[in-house]
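Asker: Take a look at the following structure, please.
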Amino acid sequence: MKLKTTAALLAALCLAAALVSGCAGGGNVSVKEYDSSINYYYADEEGMTRFIVDSTLLGDAISGYVDSFLSCDGTVGIARAGTGLYRVSAEGILKIYPAGVERALLSLDNNVIVFTTATELHIYDHRTGKLEDIRPEGASGIPTICVSPDSSTVGYTVKTSDGCFAYAYENGASRLLANGANIAAIAEGAERFYYMEPDSGDLHCVSGGSDRRIGTGVTGVLEFNRDLTEALFDMNGVTYYSVRGSAAKALVAGTSLYPTNAECESTQGGAEVSVSVKDTDSLFGGIFFRVRTSSADPDARAAYDLWYVDGAKRVTELVRGAYQFFVIENRTRVACLVDGDVYKLDPKSPSDRTLISSNTYNFNVSEDGKSFYLVGYDMGLYYAEPGRLPAQIDTNVIHSQLTTGGVCLYLKDYDLGGSLRAVRGLTEPVDITGGVAQIELAPKAAFYYTSIYEDELGNRVYDVYVSADGFGFEKAVACAAVTAGN
């Protein structure tokens, strides 16, 4: 697949990712948490793209615009600028390939980058610094690429005048896996792999010498767990699952759903099939949701319907029409906003719910489920705990966010920009600054963006400030271009 922009990456496969905090499911599901981040901004005056890893601005920069960026877990990323490919981490920026890169992926363990140019496949191993170039004979393109979760085996599709052919590459050699196939995902040694037929959209799982068709007319978006034993995909607008190559079964009749129980993932595939390999041992034992939006009113709030799907694939309906939801307390509880009421509930016993507040427009909650920050319809900011009435903190508030460290950042008196304040619990709020247009949070950092202004050349820009604790902010990037980065 083409490298995605940051905005597209965050939206892919999870339309409400910004509203989902943490992962969902039982405590016995092994899930890698997304606890680091890499943000990037084009500094207009410098003509460079600057990167912030967690709350630290890298000394290195990339000349020009970064048009695409991918990361599996927020500690390492791959960026494309001017069709050149770069690896970005706290160690700095490393140029991998000078030009001509079309699509790329990063392995779950951050060790291997697989990418394509027009008719060639390239594999970079960061452990050795070795770059391998594969030039398939007669190739007119390489439409899909994938890599095993342990990064030992690469899968790729070669398109020729005779059709599409799926290959595996390991130990310096390629071998043919399937004819008439766009490979989608591959396990170590190709012991299990998935492919789609280009014309029909039929999805196959090959394992133990058996090739099984597990879906027909599958849309080109697939999700897998870490060892590729579980697959999720849509057919005719309905989400189905397959376990170890079993025939597809619908999760909820007539409904397309998104899972929430995995934050870290490797984005793979290509234009024909988009693949997400989640860094979790199971896609189940957690919360699934669908999004409902108004076609008549584009400004209307999205609403979310929630289900709990246990490890045995048994489905329990939780909530319909939630405007927000957070999965908290080590993925064992859900906090949601429905018709102005904020509840906390046990997904395994949804009738057992605790009312936190009423007349609420939006809210934030700490991961331990003990601290709620609520913005009411009266634009007041309130603090609440389960079993305790909300207490007002401030007035004329339009937006708030909660850092992983438990600091609530909020904007008040907003008109193209507002006053930024920070508070923890019922302590006295701290004034940070004025003229703030937006707050953005990462696992180990908080950002605020100034109101947009024009630089000396008339370009629309803003300044980026960063903080590790949510209180002390420093300018990280001046004159960040409005149209680039995040």
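The values are calculated or read from the model by the stated rules, or taken from the named source; none is laboratory data. Everything quoted here is computed from the prediction, not taken from an experiment. No Cβ is skipped: glycine too gets one built from the backbone with ideal geometry, and neighbour counts run over all protein chains shown. For accessibility, only protein heavy atoms count, side chains too; no ligands or nucleic acids. Shrake-Rupley method; radii C 1.70, N 1.55, O 1.52, S 1.80 Å.
Asker: Return yes or no: is A81 closer than 27 Å to I142 by Cα and touching a Lys or Arg at 6+ places or on another chain (Cβ under 9 Å)?
Answerer: Details: closer than 27 Å to I142 by Cα: yes; touching a Lys or Arg at 6+ places or on another chain (Cβ under 9 Å): no.
The answer is no for A81.
Asker: Please find, within segment 467-486, the residue that is most open to solvent (accessible area, probe 1.4 Å) out of those that are farther than 16 Å from L57 by Cβ and modelled with pLDDT under 95.
Answerer: Checking each candidate, the answer is T483.
Asker: In segment 445-461, which residues are open to solvent by 80 Å² or more (accessible area, probe 1.4 Å) and either farther than 17 Å from G434 by Cβ or charged (D, E, K, R) (or both)?
Answerer: E454, E456, L457, R460
Asker: Another question about this same structure. Does S256 satisfy being among the polar types (S, T, N, Q) and under 23 Å from the mean Cα position of the chain (by Cα)?
Answerer: yes
Asker: Same structure again: If I filter segment 26-45 down to residues being under 21 Å from the mean Cα position of the chain (by Cα) and among the aliphatic types (A, V, I, L, M), which single residue comes out as surrounded by the most Cβ atoms within 10 Å (Cβ to Cβ)?
Answerer: The qualifying residue surrounded by the most Cβ atoms within 10 Å (Cβ to Cβ) is V31.
Asker: Given L85, L57, L108, which one is within 24 Å of K475 (Cα to Cα), under 23 Å from the mean Cα position of the chain (by Cα) and either of a type in the set (A, V, I, L, M) or at pLDDT below 95 (or both)? First the steps, then the outcome.
Answerer: Details: L85 fails: within 24 Å of K475 (Cα to Cα); L108 fails: within 24 Å of K475 (Cα to Cα).
Just a single option satisfies the conditions, and that option is L57.
Asker: How do the pairs read when you match residues in segment 116-139 that are without any contact (Cβ under 8 Å) to a residue 40 or more places away in the chain with residues anywhere that are aromatic (F, W, Y), using Cβ under 7 Å and keeping only pairs 6 or more apart or on different chains?
Answerer: H122/Y97; H122/F115; L131/Y124
Asker: Give the number of residues within segment 314-326 that are over 26 Å from Y361 (Cβ atoms) and surrounded by 14 or more Cβ atoms within 10 Å (Cβ to Cβ).
Answerer: Adding up the residues that qualify gives 1.
Asker: Turning to a different aspect of this structure: I'd like to know if segment 368-375 contains one or more residues that are assigned to a strand (DSSP E or B), without any contact (Cβ under 8 Å) to a residue 24 or more places away in the chain and closer than 27 Å to V464 by Cβ. First the steps, then the outcome.
Answerer: In the first step, residues of segment 368-375 are kept if they are assigned to a strand (DSSP E or B); the result is 372-375.
Then drop every residue that is not without any contact (Cβ under 8 Å) to a residue 24 or more places away in the chain, which leaves none.
Within segment 368-375, not a single residue is assigned to a strand (DSSP E or B), without any contact (Cβ under 8 Å) to a residue 24 or more places away in the chain and closer than 27 Å to V464 by Cβ.
Asker: Can you find a residue in segment 421-430 that is closer than 29 Å to L70 by Cβ and modelled with pLDDT of 95 or more?
Answerer: Among the residues of segment 421-430, not one is closer than 29 Å to L70 by Cβ and modelled with pLDDT of 95 or more, which makes the answer no.
Asker: Oh, and also: Check whether at least one residue in segment 229-247 is modelled with pLDDT under 95, under 26 Å from T332 (Cβ atoms), among the hydroxyl-bearing types (S, T, Y) and not in a strand (DSSP E or B), and report yes or no. First the steps, then the outcome.
Answerer: Filtering segment 229-247 for residues modelled with pLDDT under 95 gives none.
The answer is no, given that none of the residues of segment 229-247 is modelled with pLDDT under 95, under 26 Å from T332 (Cβ atoms), among the hydroxyl-bearing types (S, T, Y) and not in a strand (DSSP E or B).
Asker: Now for a different question. Filter segment 142-174 for residues that are on the phi > 0 side of the Ramachandran plot and over 28 Å from the mean Cα position of the chain (by Cα); which is most open to solvent (accessible area, probe 1.4 Å)?
Answerer: N171
Asker: Determine which member of the set D431, D394, D413 is open to solvent by less than 40 Å² (accessible area, probe 1.4 Å) and without any contact (Cβ under 8 Å) to a residue 60 or more places away in the chain.
Answerer: Numbers: D431 fails: open to solvent by less than 40 Å² (accessible area, probe 1.4 Å); D413 fails: open to solvent by less than 40 Å² (accessible area, probe 1.4 Å).
Testing whether each residue is open to solvent by less than 40 Å² (accessible area, probe 1.4 Å) and without any contact (Cβ under 8 Å) to a residue 60 or more places away in the chain leaves just D394.
Asker: Do we have any residue at all in segment 201-217 that's assigned to a strand (DSSP E or B), open to solvent by 10 Å² or more (accessible area, probe 1.4 Å) and of a type in the set (A, V, I, L, M)? Please lay out each step first, then the result.
Answerer: Going residue by residue through segment 201-217, those that are assigned to a strand (DSSP E or B) are 203-207, 210-215.
Checking the rest, the ones that are also open to solvent by 10 Å² or more (accessible area, probe 1.4 Å) come to 204, 206-207, 210-213.
Checking which are of a type in the set (A, V, I, L, M) leaves us with 206.
Yes; the residues of segment 201-217 include at least one that is assigned to a strand (DSSP E or B), open to solvent by 10 Å² or more (accessible area, probe 1.4 Å) and of a type in the set (A, V, I, L, M).
Asker: Restricting to segment 345-360, name every residue that is open to solvent by 40 Å² or more (accessible area, probe 1.4 Å), at pLDDT 95 or above, assigned to a strand (DSSP E or B) and in contact with an Asp or Glu (Cβ under 9 Å, 6 or more places away or on another chain).
Answerer: L355
Asker: Now for a separate question. Would you check which residues across segment 125-141 are among the acidic types (D, E) and surrounded by 14 or more Cβ atoms within 10 Å (Cβ to Cβ) and list them? Even if it seems obvious, please write down each step before you answer.
Answerer: To start, the set of residues in segment 125-141 that are among the acidic types (D, E) comprises 125, 132-133, 137.
Answer for segment 125-141, where residues must be among the acidic types (D, E) and surrounded by 14 or more Cβ atoms within 10 Å (Cβ to Cβ): just D125.
Asker: Name, by its number, the condition in (1) under 30 Å from V334 (Cα atoms); (2) buried (at least 16 other Cβ atoms within 10 Å of the Cβ); (3) under 28 Å from the mean Cα position of the chain (by Cα); (4) not aromatic (F, W, Y) that does not hold for V464.
Answerer: Condition not satisfied by V464: (1).
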